[in-house]
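**Q** Mind looking over this structure? Questions follow.
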Amino acid sequence: TQDKIQDLESRIEEELAARNGFWSLCDSSPPGDIYQALGVSKKAFKKATGALFKKRKITITKEGIRSV
């Protein structure tokens with residue numbers, strides 16, 4: 001649901017802040033790594049990162065995600 005995705009967006013932003021703006025978790029990360037880090041499916045993670053990207057809050061690279 002939309003609320004869950006927004007919660008996940010917030011959690012991702014918090015993690016990025018705690019990690020100096022870079023997190024090696026990204027679209028190409030194995031689903032198990034994403035679940036272990038956030039407790040969500042890869043699909044949910046991609047929806048949340050996609051939403052953050054559209055809002056221009058993050059950039060997505062092969063290495064990971066970065067705060068803008």
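Any read-out appearing in this document is the output of simple, stated calculations on the displayed coordinates, not a laboratory observation. Note that the coordinates shown come from a computational prediction; the quantities given were computed from them, not determined experimentally. Positions of Cβ are generated from backbone atoms using ideal geometry, with glycine treated the same way; all protein chains shown enter the neighbour counts.
**Q** Suppose each label sits 7 Å from its Cα in the direction of the beta carbon; what would the Ser41-Glu15 distance come out to in nanometres?
**A** 1.7 nm
**Q** Counting only C-alpha contacts under 8 Å and six or more residues apart, can you give the relative contact order of the chain as a whole percent?
**A** Normalised by residue count, the contact order of the chain is 39 percent.
**Q** With +1 on each Lys and Arg Cβ and -1 on each Asp and Glu Cβ, and nothing else charged, work out how big the dipole of the chain is about its Cα centre, in Debye to the nearest 20.
**A** Rounded to the nearest 20 debye, it is 300 debye.
**Q** With viscosity set to 1.306 mPa s at 10 °C, what whole-number translational diffusion coefficient in µm²/s follows for the chain from Stokes-Einstein and a Kirkwood radius over Cα pairs?
**A** The estimated diffusion coefficient comes to 137 µm²/s.
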